[in-house]
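**Student:** First, the structure itself, so that you have it in front of you.
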Amino acid sequence: MTDTKTEDKVRALEKEVDRLKAVEAIRKLEHAYSFYLVMWMPDEIMDLFCDRDDVTLEWPEGTFFGREGLKKFFGNINPNKDPEFMHQMMHLSDVITIAENGETGKGRWWGFGAMALPMGEAGVMQALACGIYENDFIKENGTWKLWKIKWVPVYSGTPATGWVKPDRVAKPRPQPGEGEISVPEWWDSDLPAKGIDYAYPSGYILPFHFRHPITGKETSEGGRNKRVKGFKE
């Protein structure tokens with residue numbers, strides 16, 4: 001017969017394995033969310049959330065609740081899928097905590113990135129932004145899903161103006177003279193370039209190696225990439 005101490009150790013190990021699996025599932029979920037934000041893929045984003053009335057999106061400008069709140073917010077940003085739009089927000093330095101019952105979790109990330117927001121005939125506004133995500137997750141029918149997002153900005157600004165208050169900006173240090181960039185002789189790639197102009201705003205979305213974490217469906221970048229000049233499967 002197995003003694004009590006051994007059984008306790010086995011149970012503790014099983015619980016720790018479950019916790020580690022939960023942490024990894026939440027990390028993948030959050031990172032998928034960050035990738036879907038770049039070119040704003042609303043269907044994929046909304047499918048990451050649980051089906052509860054207390055789903056919450058909390059921004060400094062206001063809070064949205066439930067499935068209707070998700071549609072109101074995510075469905076109204078870049079609705080025409082303008083290829084000049086970009087919302088790159090890298091989710092970094094995660095700290096993920098799983099509740100004792102293994103059914104809910106919390107995660108905290110730095111969000112840092114660059115944005116390009118089409119403004120009609122006025123052109124495209126570009127900006128840098130940084131903030132903190134403090135998010136809640138819940139296991140729904142055995143699958144981890146997003147539950148609540150809280151975004152707290154730390155700073156933002158344009159590349160031209162930066163993010164420090166104008167009266168506090170120090171004079172820049174002298175910069176070395178600009179010269180032509182030469183390609184070294186050894187830089188001879190094994191395959192030629194694909195012909196895609198990756199420079200913004202190509203509208204190209206790097207294909208995902210994974211299916212949607214919740215629906216299991218292939219994501220929609222394939223159809224959108226067919227419109228990109230020079231793109232081939």
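**Student:** With Rg and Dmax of the Cα atoms in Å defined as stated, name the option among (i) 31.8, 119; (ii) 16.8, 50; (iii) 22.2, 78 computed from the structure displayed.
**Tutor:** (iii)
**Student:** While we're here: Tell me, Lys9, Lys139, Lys165, Lys106 in order of fewest to most beta-carbon neighbours within 10 Å?
**Tutor:** Working: Lys9 11, Lys139 20, Lys165 8, Lys106 16.
Ascending Cβ contact count within 10 Å gives the list Lys165, Lys9, Lys106, Lys139.
**Student:** Can you tell which of Pro79, Pro60, Pro213 shows the greatest fluctuation in a Gaussian network model of the chain with Cα springs below 10 Å?
**Tutor:** Pro60
**Student:** While we're looking at this one, here's another question. Got the relative contact order for region 13-163 handy, in percent, Cα pairs under 8 Å and 6 or more residues apart?
**Tutor:** Values: 292 pairs, mean separation 34.1, N = 151.
Taking the mean separation of contacting Cα pairs over the length of region 13-163, I get 23 percent.
**Student:** Within 10 Å of each residue's Cβ, count the other Cβ atoms and sort Asp47, Asp53 from fewest upward. Kindly include the intermediate steps, with their values, before the conclusion.
**Tutor:** On the way: Asp47 19, Asp53 10.
The fewest-first ordering by Cβ neighbours comes to Asp53, Asp47.
**Student:** Taking only Cα atoms, what is the 0 to 90° angle, nearest 10, from helix 4-38's long axis to the longest principal axis of the chain?
**Tutor:** Roughly 30 degrees, rounded to the nearest 10.
**Student:** Another question, then. Would you mind putting 11-18, 39-46 in packing order, based on average other-beta-carbon counts within 10 Å, highest first? Can you show the working numbers first?
**Tutor:** On the way: 11-18: 10.5, 39-46: 19.2.
Averaged packing, sorted descending, gives the order 39-46, 11-18.
**Student:** Based on other C-beta atoms within 10 Å, arrange Leu146, Leu70 from fewest to most.
**Tutor:** Values: Leu146 27, Leu70 21.
Ordered by Cβ neighbours within 10 Å, fewest first: Leu70, Leu146.
**Student:** Right, something else. Under unit Cβ charges (Lys, Arg +1; Asp, Glu -1), what dipole magnitude, rounded to 20 debye, does region 13-163 have relative to its Cα centre?
**Tutor:** Working: 16 positive and 23 negative charges, 35 e Å.
Rounded to the nearest 20 debye, it is 160 debye.
Computed from the coordinates by the stated procedures, all read-outs in this text should not be read as laboratory data. No experiment lies behind these values; they were computed from the predicted model shown. With ideal geometry, Cβ positions are generated from the backbone for all residues, glycine too; neighbour counts draw on all protein chains shown.
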